[in-house]
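To start, the structure under review is shown below, and the notes come after it.
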Amino acid sequence: MPALNQYAPDAVESPLMFQGWKLVTFLHWRYPIAQIRPLVPPDLELDLFDGSAWVGLVPFVVTQLRSPFIPALPWISQFPETNVRTYVRDRHGKPSIWFFTLDTARLPAVLAARTFFRLPYRWARMRVGRSKDIMQYESVRRAPFGSARNRATIRIGDAMTAEDLDIFLTARFRLYTLWGGRVAFVDAEHPPWPLHRAEVIRLEQNLIEESGVPAAAGSPLVHYSPGVDARIAPPKYLPLF
């Protein structure tokens, strides 16, 4: 069982940017360790729950994207995004995210994230809509990033109190990436996710396989959140020792 008091944000005193992460659905599948361990850099360890690795498919909407000195702009500051991810720890035990891919609808965001954060962003046509308690997400990658697709319809349920596994899967405040062969990280600070129970009505996707991860088996565990506002820190290298 993980020490759940570790799943809390570090303060971001001097943010590089601000973002809202809204209309978020977390879909998670349990995976054997042997399937995911080769996909993660050797300097990072898989973060496990109940003896298993977990892979998430997370569609949402970025809002109010801006730097500390520039206001949010109508087109570039709001767009859909979907990531495929697993969970890791560094040598100091910090729980974090490892992204396999991140799809988004704004090419400038793709180019900036790939250049400055070395994150595996992909450009896609995307749509997110909500009608009462139904969320709909659609995406298809644009050339030259392939043709991976996701179509998900989710029914939002009642608000819930997060338990151990819910916290493990959603309370993540650091991501890791590779810069020039070294592990670097970016911290985010935001309030706890307000979570709702949710269920899949329809899910047709090959994003997971197109992200280099074996196909998911069985039905996912689903959470929904109306979202949070986040402060994003500048990237830093993981210390060598």
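The values are calculated or read from the model by the stated rules, or taken from the named source; none is laboratory data. Note that the structure is predicted; figures quoted are calculated from it, not measured. Cβ coordinates were reconstructed from backbone atoms using ideal geometry, including for glycine residues, and neighbour counts include every protein chain displayed.
Exactly one residue among Arg155, Arg149 is basic (Lys, Arg) and under 26 Å from Pro38 (Cβ atoms), and that residue is Arg149. Is at least one residue of segment 78-85 part of a strand (DSSP E or B), more than 30 Å from Ala34 (Cβ to Cβ), under 18 Å from the mean Cα position of the chain (by Cα) and touching a residue at least 40 places away in the same chain (Cβ under 8 Å)? Scanning segment 78-85, I find at least one residue that is part of a strand (DSSP E or B), more than 30 Å from Ala34 (Cβ to Cβ), under 18 Å from the mean Cα position of the chain (by Cα) and touching a residue at least 40 places away in the same chain (Cβ under 8 Å), so the answer is yes.
Yes or no: segment 133-143 includes at least one residue that is closer than 20 Å to Ile208 by Cα and not in a strand (DSSP E or B). Within segment 133-143, one or more residues are closer than 20 Å to Ile208 by Cα and not in a strand (DSSP E or B). Exactly one residue out of Val228, Val222 is surrounded by fewer than 20 Cβ atoms within 10 Å (Cβ to Cβ) and among the β-branched types (Val, Ile, Thr): that is Val228.
Considering (1) surrounded by 15 or more Cβ atoms within 10 Å (Cβ to Cβ); (2) touching a Ser or Thr at 6+ places or on another chain (Cβ under 6 Å); (3) of a type outside the set (S, T, N, Q); (4) over 24 Å from Gln19 (Cβ atoms), the lone condition that Trp193 does not fulfil carries the number (4). If only residues of segment 196-210 that are β-branched (Val, Ile, Thr) and part of a strand (DSSP E or B) are counted, the one that is surrounded by the fewest Cβ atoms within 10 Å (Cβ to Cβ) is Ile201. In this structure, is Tyr137 in contact (Cβ under 8 Å) with a residue 60 or more places away in the chain and over 22 Å from Phe79 (Cβ atoms)? Taking the combined requirement at face value, the residue does not satisfy it. Here Val213 meets the list (1) surrounded by 18 or more Cβ atoms within 10 Å (Cβ to Cβ); (2) among the β-branched types (Val, Ile, Thr); (3) farther than 19 Å from Leu169 by Cα almost entirely, failing just condition (3). Looking at segment 17-34, which of its residues are farther than 19 Å from Arg151 by Cα, of a type outside the set (Lys, Arg) and assigned to a strand (DSSP E or B)? Hits for segment 17-34 are Met17, Phe18, Gln19, Gly20, Trp21, Tyr31.
From the set of residues in segment 167-190 that are touching a residue at least 40 places away in the same chain (Cβ under 8 Å) and farther than 24 Å from Leu65 by Cβ, which is surrounded by the fewest Cβ atoms within 10 Å (Cβ to Cβ)?
Arg182
Taken over segment 147-162, the criterion of being part of a strand (DSSP E or B) and of a type in the set (Ser, Thr, Tyr) is satisfied by Thr153 alone. Filtering segment 211-239 to residues that are touching a residue at least 40 places away in the same chain (Cβ under 8 Å), assigned to a loop (DSSP other than H, G, I, E, B) and among the hydroxyl-bearing types (Ser, Thr, Tyr) leaves only Ser211.
I need a count of the residues in segment 92-109 that are free of Cβ contacts under 8 Å to residues at least 60 places away in the same chain and more than 17 Å from Pro234 (Cα to Cα).
Taking segment 92-109 as the starting set, the residues that turn out to be free of Cβ contacts under 8 Å to residues at least 60 places away in the same chain are 92, 102, 104-109.
Filter once more, so that each one left must be more than 17 Å from Pro234 (Cα to Cα): 92, 102, 104-108.
Residues flagged as free of Cβ contacts under 8 Å to residues at least 60 places away in the same chain and more than 17 Å from Pro234 (Cα to Cα) within segment 92-109 amount to 7.
Consider Ala233 carefully, then state whether it is surrounded by 14 or more Cβ atoms within 10 Å (Cβ to Cβ) and at pLDDT below 95. So Ala233 fails the test.
Of all residues in segment 197-216, those that are among the basic types (Lys, Arg) and either closer than 18 Å to Trp54 by Cα or touching a Phe, Trp or Tyr at 6+ places or on another chain (Cβ under 6 Å) (or both) total 0.
When segment 195-215 is filtered for residues that are under 18 Å from Phe99 (Cβ atoms) and either in contact with a His (Cβ under 9 Å, 6 or more places away or on another chain) or charged (D, E, K, R) (or both), the ones remaining, listed by number, are Glu209, Glu210. Among the numbered conditions (1) outside any loop (DSSP other than H, G, I, E, B); (2) under 23 Å from Arg30 (Cβ atoms), the only one that Arg114 does not meet is (2).
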